[in-house]
Structures are given as structure tokens and as C-alpha cells.
Amino acid sequence: MSRPLRPSYVALALACLLAIPGLPGLAGSAATAAAPTPHPVSVGVSVIPGTAALNRRVPVAGTVVDATTHGPVAGVRVALEIRSAHGWARPPGAAVVTDDHGRFTLNAPTFYYGRHVFRVAAAAHVGVDATIAAGASAAGAVTVPMPYRPAGRASAGRTDSTQFDPCEPIPVRINYAGAPRNAHALVAAALTRARAATGLTFTYAGRYSGVPFSRQRNGGLPPSGIGFAWSTSRTVSGLAGPTIGLGGGGWAINDRRTSSGVVIDRSFHFRQGWTGPNSIGGLLLHELGHALGLEHVKDRSQQMYPLDIGAPNGNYNRGDLAALRRVGLDAGCL
Ligand SMILES: [Zn+2]
């Protein structure tokens, strides 16, 4: 069977090689028939305060102007972009279209901690009078200070090799069977802390019937994003012995994680709240850390310390935060 296939493969490769020298000629003839050179664009944005509290709404208002005619550009798509380790990253949901006067209002990236350099990028646009090239504003910056003092050292944080794409929303599903009454609020509060530390966008995608790390089809994981469930060692053998929760990745395509799960032992009597050893909040933060790609650490002050889970301050600490940043928006889009 390999013999007849081989010539067609070779022929395809040859065809590609032949097509490449022909490309400039093709592009040239197409250009003569198309519209004139696109006009460069100018994107102006308002000056914003250099520091803003977490989730404080700070408008970034501006105008898109045709730099050749000096007229406003209506109906062009503009998006907020954040400087990351791999170029400009576009968080989900941060795009609007300019009004009749070329104006737009976006929000500064105050949804996570740290100093964020951002800009507004305008897409290429075919208008009534002219074609406009893609362009971007000058860069601005905003610092979102931490409202608490994280413990430990940044070097304590560890990650594995996979992560969710920070530029796509991460759907979250909850299995409420056997879950406490406040399960939704608990998961939401853990996600709020993780978003503040990462810049990741979580979207609630409803209930589901899976139990992560069980013998169910697909390992009880949701089709995408993170699934949360409460169960016992009868369904999830990994919950036997001293283990009171499991969290981690299920599926990944190359480095891109597609689904993760968190399962909590509902037969264990957790301390209520977020602080101290074996608190339900502390366990959720720990397992959510695993679900996002974090690994255990030796520093007892970190949420990712594997014993008596639950940091005294009920939140992620310096090592956790450093690791969370590496799987967050500052790492760039995948
Ligand atoms: Zn763990």
C-alpha cells in the first residue's frame, strides 16, 4: 500500500516547491487589481491613573483616526492587549467596535495583580472611503497592588509543563451530587482568587455529572475546562487513605491543557472557611492550583504545600503566585 502513496506525496512536495517561486508574481498581479494602499491608522487613548485597586473599573477611552484624512474611523474593531512574555496577549472579552465618531471605551486590565503594560489594537478595516491598516495605540501601564501580604519566597513556586490557553475563557462545571449547599459559592470564591493571581478568565458552564479521576468515561473530566465534584474513595480510589482531595490535568494537546478536574472527599470533615489546616477553602485553592498546572512545594507557608492543606492567610502566597503567573496571562497566548 505504501508504494502507490509514495509518488503522490512526492508530487505534492514538488508542486509546493514549484508554486513558491510563482507566488510573488501572483501577489503582484493581485495588488494592481485591488484597492489602493491602506491608510495608516492613529489610535489615541486617554491617560489613566498609574495604580488601581483590584477589579476597579478604569476606562481606557480613545478614538481611531485615519492618519491620512484625519477623519474618525467608525465600525472598526479594537481590542485591549497586554504585554506578555510572548508578545501582546489579548484577554477574552476585551474587544469593542468604534462608534460613528471613531470612539471606543475599554477597561484597563485591573482584574489581576501586578504591573500591566497594555495597548489598544485596531484591526484592519475596509471602510466606505478608504481601507485602513491595522494599528495600535502607544503603550500605557497600570499597577494593581496586592491587598494582602503574601508569605514565603517566589522561588518556592513550581509548575508542570502544561497550562490552559490564557487567551481563551476556561469553562467551569460543577457536579452538585453530594456537594455542600455552598459548593457554587466556594468554587466561585476560589476562582476569584485564582483570577486575581493569573489574569485567567473562568466562565461558569453549568452543572455536570462527571466525577474527576473516577472510572467514568473520559476519567470523569468535562469535555473542556475544569470540572469540580465531591465524592468518596468508593468512586474515586485515589481518595483512599489520608488523601482528602485530588486535582490536576486530564488532557492536554502538546503544552496546551484542555481539561482538568478537582474532586473533594465529602466524607472528610473540613474546617469551614479559608484559613488554617484542612480548611475547605484551602483545599479548593490547592486542588485548583493543580488543575491550573501547579505542583507541590516544600515551603509550608504556600498553598501548594501538600500536608495540612490551607495557608494561614487563606490565599495564595509568594511561591504560589509566582507559579500562577507562569500559567497566566503574563505568559502569553498559546
Ligand atoms: Zn496536592
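The values are calculated or read from the model by the stated rules, or taken from the named source; none is laboratory data. Bear in mind the structure is a predicted one, so any value in this text is a computation, not a measurement. Cβ: placed from backbone, ideal geometry, glycine included. Neighbour counts: every protein chain shown.
So, in the stretch 290-334, of the ones that are within 10 Å of the ligand (Cβ to nearest atom), more than 20 Å from Pro147 (Cα to Cα) and not β-branched (Val, Ile, Thr), which residue ends up surrounded by the fewest Cβ atoms within 10 Å (Cβ to Cβ)?
Checking each candidate, the answer is Leu307.
Is it the case that the stretch 273-285 has a residue that's closer than 18 Å to Ile170 by Cβ and within 14 Å of the ligand (Cβ to nearest atom)?
Step one: filter the stretch 273-285 for residues closer than 18 Å to Ile170 by Cβ, giving 284-285.
With within 14 Å of the ligand (Cβ to nearest atom) added as a condition, the list becomes 284-285.
Looking for residues that are closer than 18 Å to Ile170 by Cβ and within 14 Å of the ligand (Cβ to nearest atom), one finds at least one in the stretch 273-285, hence yes.
Of the numbered conditions (1) of a type outside the set (Asp, Glu); (2) in a strand (DSSP E or B); (3) free of Cβ contacts under 8 Å to residues at least 12 places away in the same chain, His70 satisfies every one except a single condition; which is it?
Only one criterion is unmet by His70, namely (2).
Within 20 Å of Ala95 (Cβ to Cβ) and either modelled with pLDDT under 95 or crowded, with 17+ Cβ neighbours inside 10 Å (or both): does that describe Val47?
On the way: within 20 Å of Ala95 (Cβ to Cβ): no; either modelled with pLDDT under 95 or crowded, with 17+ Cβ neighbours inside 10 Å (or both): yes.
No; evaluated as a whole, the condition is false for this residue.
Every residue, every condition in (1) under 29 Å from Arg326 (Cβ atoms); (2) in contact with an Asp or Glu (Cβ under 7 Å, 6 or more places away or on another chain); (3) in a strand (DSSP E or B), yes or no:
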| position | (1), (2), (3) |
| --- | --- |
| Pro171 | yes, no, yes |
| Ala189 | yes, no, no |
| Leu200 | yes, no, no |
| Ser209 | no, no, no |
| Gly241 | no, no, no |
| Gly247 | yes, yes, yes |
| Phe268 | no, no, no |
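Within the stretch 170-179, track down each residue that is of a type outside the set (Phe, Trp, Tyr) and either touching a helix residue (DSSP H, G or I) at 6+ places or on another chain (Cβ under 7 Å) or without any contact (Cβ under 8 Å) to a residue 60 or more places away in the chain (or both).
Hits for the stretch 170-179 are Ile170, Pro171, Val172, Arg173, Ile174, Asn175, Ala177.
Of all the strands (runs of 3 or more DSSP E) wholly in the stretch 93-165, which have at least 3 residues that are at pLDDT 95 or above and over 30 Å from Trp251 (Cβ atoms)? Walk me through how you get there before you give the answer.
Numbers: elements: 95-97, 103-107, 114-122, 140-144.
By residue number, 103-107, 114-122, 140-144.
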